[in-house]
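Peer 1: My questions all concern the structure below.
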Amino acid sequence: MNPRTARKPRPAPPAAAERPDRITAAFERCRAEHRAALVTYVMGGDPDLATARAMALACVEGGADLVELGVPFSDPIADGPTIQAAAQRALGAGTTLEDVLGIAAAVRARSQVPIALMGYLNPMLAGGVEALVRGCADAGVDALIIPDLLPEEAEVLAPAAAEAGVKLVYLLAPTSNPARVEAAARAATGFLYFVSVTGVTGARHAVAEEIAPLVAAVRARTELPVVIGFGVSTPEQARALGPLADGVVVGSAIVKRIAEGRSRRARAERVKRFVRSLGRALRR
């Protein structure tokens with residue numbers, strides 16, 4: 001083999017102890033500012049890679065405290081029609097996990113905002129656990145959110161993720177019993193994601209009075225941040241739910257604004273304005 005053309009091995013990513021804990025830093029900053037963190041969601045590859053990258057950066061520029069990037073999958077059991085349609089557009093454009101990691105790397109090159117990949121086991125583990133966590137570490141991804149990975153099955157991913165410094169996030173629902181809450185609290189290393197409404201994602205109305213005691217019960221069982229998602233679509237809803245948790249997630253409402261079309265610049269400005277309005281609402 002010609003030594004001049006031989007492929008050089010990639011340098012190993014920083015050890016977990018050497019990687020910055022951007023998630024903890026973000027929540028601590030928001031806590032010091034007496035507000036909930038704003039978590040925004042963009043489907044990777046929707047409607048194409050360049051637009052998705054621009055939308056993720058628009059969220060950052062609009063003031064998002066953490067960015068979730070969706071990994072498209074053909075059978076997204078936890079997602080409603082809006083995000084299902086976004087996944088289909090992304091898959092139609094040929095988007096892969098590696099492409100979404102490329103979007104993450106582009107965001108990381110411009111910002112130190114925490115990044116979480118949200119997707120399902122099949123596409124996430126198609127190349128193996130080691131490839132997944134290595135790809136995340138290389139791209140600057142801070143956490144993985146996998147709705148169909150139960151906390152009781154954490155050992156599938158936990159050791160490799162911990163070694164790479166990639167945190168794991170688990171979902172809890174209003175119907176989660178105390179045993180499930182305890183299991184998720186033990187297994188999670190990044191934060192806990194409380195689903196505010198039963199069913200799939202979508203821009204529906206989450207009622208603060210109804211979920212307040214449920215979120216409080218989760219927060220009493222963990223020192224990790226707890227965020228509320230699935231059902232937050234307006235600044236008014238974000239303002240009502242913000243005092244209950246450490247963060248609020250807005251996904252479908254952003255994806256809808258991306259799908260409204262026009263030029264990439266126009267979409268980015270629309271998303272940025274919306275994210276800014278959400279951020280203002282959370283500054284209680």
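Peer 1: So which residues in the stretch 109-128 are open to solvent by 40 Å² or more (accessible area, probe 1.4 Å), farther than 22 Å from Asp79 by Cα and either aromatic (Phe, Trp, Tyr) or touching a helix residue (DSSP H, G or I) at 6+ places or on another chain (Cβ under 9 Å) (or both), if there are any at all?
Peer 2: Keep residues of the stretch 109-128 that are open to solvent by 40 Å² or more (accessible area, probe 1.4 Å), which gives 109-110, 112, 122, 125-127.
Next cut, farther than 22 Å from Asp79 by Cα only: 109-110, 112, 127.
If the condition is that a residue be open to solvent by 40 Å² or more (accessible area, probe 1.4 Å), farther than 22 Å from Asp79 by Cα and either aromatic (Phe, Trp, Tyr) or touching a helix residue (DSSP H, G or I) at 6+ places or on another chain (Cβ under 9 Å) (or both), then Arg110, Gln112, Gly127 are the ones that fit.
Peer 1: Does Arg53 qualify as being buried (at least 20 other Cβ atoms within 10 Å of the Cβ), part of a helix (DSSP H, G or I) and touching a helix residue (DSSP H, G or I) at 6+ places or on another chain (Cβ under 6 Å)?
Peer 2: yes
Peer 1: Quick one: how many residues across the stretch 27-50 are crowded, with 19+ Cβ neighbours inside 10 Å and under 26 Å from Thr82 (Cβ atoms)?
Peer 2: Residues in the stretch 27-50 being crowded, with 19+ Cβ neighbours inside 10 Å and under 26 Å from Thr82 (Cβ atoms): 13 in total.
Peer 1: With the requirement that a residue be open to solvent by 30 Å² or more (accessible area, probe 1.4 Å) and out of contact with any strand residue (DSSP E or B) (no Cβ under 7 Å at 6 or more places or on another chain), what does the stretch 213-236 give you?
Peer 2: Initial filter on the stretch 213-236 (open to solvent by 30 Å² or more (accessible area, probe 1.4 Å)): 213-214, 216-217, 219-221, 223-224, 234, 236.
Scanning the stretch 213-236 gives Pro213, Leu214, Ala216, Ala217, Ala220, Arg221, Glu223, Thr234, Glu236.
Peer 1: Now a separate question. Only one of these is touching a residue at least 24 places away in the same chain (Cβ under 8 Å) and either open to solvent by 30 Å² or more (accessible area, probe 1.4 Å) or not charged (D, E, K, R) (or both): Ala131, Ala154. Name it. Explain how you work it out, then say what you get.
Peer 2: Working: Ala131 fails: touching a residue at least 24 places away in the same chain (Cβ under 8 Å).
Answer to the check: Ala154.
Peer 1: Going by the structure shown, is Val100 within 20 Å of Gly135 (Cβ to Cβ), at pLDDT 95 or above, open to solvent by less than 10 Å² (accessible area, probe 1.4 Å) and assigned to a strand (DSSP E or B)? Walk me through it before giving the result.
Peer 2: Values: within 20 Å of Gly135 (Cβ to Cβ): yes; at pLDDT 95 or above: yes; open to solvent by less than 10 Å² (accessible area, probe 1.4 Å): yes; assigned to a strand (DSSP E or B): no.
No: the conditions fail for Val100.
Peer 1: Sticking with this one: Residue by residue through the stretch 103-156, note down the ones that are assigned to a helix (DSSP H, G or I), closer than 26 Å to Leu38 by Cβ and not small (Gly, Ala, Ser).
Peer 2: Matches in the stretch 103-156: Ile103, Val107, Arg108, Arg110, Met124, Cys136, Pro151.
Peer 1: Looking at Ser263, Ser176, which is the one that is open to solvent by 10 Å² or more (accessible area, probe 1.4 Å), under 25 Å from Asp142 (Cβ atoms) and polar (S, T, N, Q)?
Peer 2: Every option except Ser176 fails the conditions.
Peer 1: What is the number of the single condition among (1) in a helix (DSSP H, G or I); (2) at pLDDT 95 or above; (3) within 28 Å of Ala104 (Cα to Cα) that Ala183 does not meet?
Peer 2: Just one mismatch for Ala183, condition (3).
Peer 1: Could you please give the count of residues in the stretch 222-243 that are within 15 Å of Ala173 (Cβ to Cβ) and modelled with pLDDT of 95 or more?
Peer 2: Residues flagged as within 15 Å of Ala173 (Cβ to Cβ) and modelled with pLDDT of 95 or more within the stretch 222-243 amount to 3.
Peer 1: Separate question: Note down all Cβ pairs under 6 Å where the first residue falls in the stretch 218-247 and is within 16 Å of Arg186 (Cα to Cα), the second is outside any strand (DSSP E or B) and open to solvent by 40 Å² or more (accessible area, probe 1.4 Å), and they're at least six residues apart or on different chains.
Peer 2: Close Cβ pairs satisfying both conditions: Val226/Arg219.
Peer 1: To continue, here is another question. Confirm whether Leu171 is in a strand (DSSP E or B), in contact with a strand residue (DSSP E or B) (Cβ under 7 Å, 6 or more places away or on another chain) and open to solvent by 10 Å² or more (accessible area, probe 1.4 Å).
Peer 2: Here the answer is yes, as Leu171 does meet what is asked.
The values are calculated or read from the model by the stated rules, or taken from the named source; none is laboratory data. On a predicted model such as this, the values are computed, not experimentally measured, just so you know. When we count neighbours, we look across all protein chains shown, and the Cβ atoms used for this are built from the backbone with ideal geometry, even at glycine. In case anyone asks, the SASA skips ligands and DNA or RNA and just uses the protein heavy atoms, side chains included. Shrake-Rupley method; radii C 1.70, N 1.55, O 1.52, S 1.80 Å.
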